[in-house]
Amino acid sequence: MRSVNREELNQLDDERLMDAYCTGEIKAFEILFERFHKPLFFYIQRFVSEHKAADIVQTAFLKIHAKRELYRSGASVKGWFYTIARNTALDYLRSAAHRREFASDFLDFTPESKSRDTLLSASLNEALSKLKNEDREILYLHIQEGFTYKEIARTLSMKETAIRVRAHRLLKGLKTELGKVGAEWNFQ
């Protein structure tokens, strides 16, 4: 592959950047790192402390680099990166659960960016706290990260139809819970 300048690489979508990286274009990986470092950090912070999240994201990028030959051209880079980061965090939690901090609020995200007022935020947090961790993760990936159901299914190693059904039920349940306190929130 001919060497491409950074400006040209910045114009590429994630999948083409990963293809370029897999063929030896190091600058492509730098751009992917810039695009995904912060989102992965905030995602992993749902599992562990801020300090540990930084280490886990760093480890995840090392794994991405080491296993780049396993990336299938055209596959979702976002889904692949999130899967590796999630698995790295889960590996950490399994290995350190008995001697280090364990994320008691495994995926307790605050929907400040999605709320209209304090009542909605408090009601939404209350409703989310009643959900299983995996259900909160499905909603987080869909609502906060904008994952498609197909991407969530790949990331969580589940069937897309199962994710669709669960997400529909979860969103309907949240809407009902919010309706009990007179709050409304429009989500897809």
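The values are calculated or read from the model by the stated rules, or taken from the named source; none is laboratory data. Only a predicted model underlies this, so the values are computations on that prediction, with no experimental measurement involved. Neighbour counts run over all protein chains shown; Cβ positions are idealised from the backbone, glycine included.
Find all pairs meeting these conditions: Cβ atoms under 6 angstrom apart; at least six residues apart or on different chains; first residue within the range 142-162 and more than 20 Å from residue 37 (Cα to Cα); second residue assigned to a helix (DSSP H, G or I) and among the aromatic types (Phe, Trp, Tyr).
Short answer, once both residue conditions are applied: 160/149.
Return the total of residues in the range 71-88 being over 11 Å from residue 154 (Cα atoms) and either basic (Lys, Arg) or in the same structural domain as residue 147 (by TED's automatic domain parsing) (or both).
Residues in the range 71-88 being over 11 Å from residue 154 (Cα atoms) and either basic (Lys, Arg) or in the same structural domain as residue 147 (by TED's automatic domain parsing) (or both): 2 in total.
Is it true that some residue in the range 142-160 is touching a Ser or Thr at 6+ places or on another chain (Cβ under 8 Å), at negative phi, modelled with pLDDT of 85 or more and acidic (Asp, Glu)?
Yes.
Would you mention how many residues in the range 58-87 are in a helix (DSSP H, G or I) and either under 27 Å from residue 132 (Cα atoms) or β-branched (Val, Ile, Thr) (or both)?
Residues that pass the stated criteria total 14.
For residue 79, all conditions in the list (1) at pLDDT 90 or above; (2) more than 18 Å from the chain's Cα centre (by Cα) hold save one; what is the number of the exception?
Among (1) at pLDDT 90 or above; (2) more than 18 Å from the chain's Cα centre (by Cα), residue 79 violates only (2).
Let's see how each residue does on (1) in a helix (DSSP H, G or I); (2) at pLDDT 95 or above:
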position: 9; (1), (2): yes, no
position: 12; (1), (2): no, no
position: 17; (1), (2): yes, no
position: 24; (1), (2): no, no
position: 38; (1), (2): yes, yes
position: 43; (1), (2): yes, no
position: 48; (1), (2): no, no
position: 51; (1), (2): yes, no
position: 56; (1), (2): yes, no
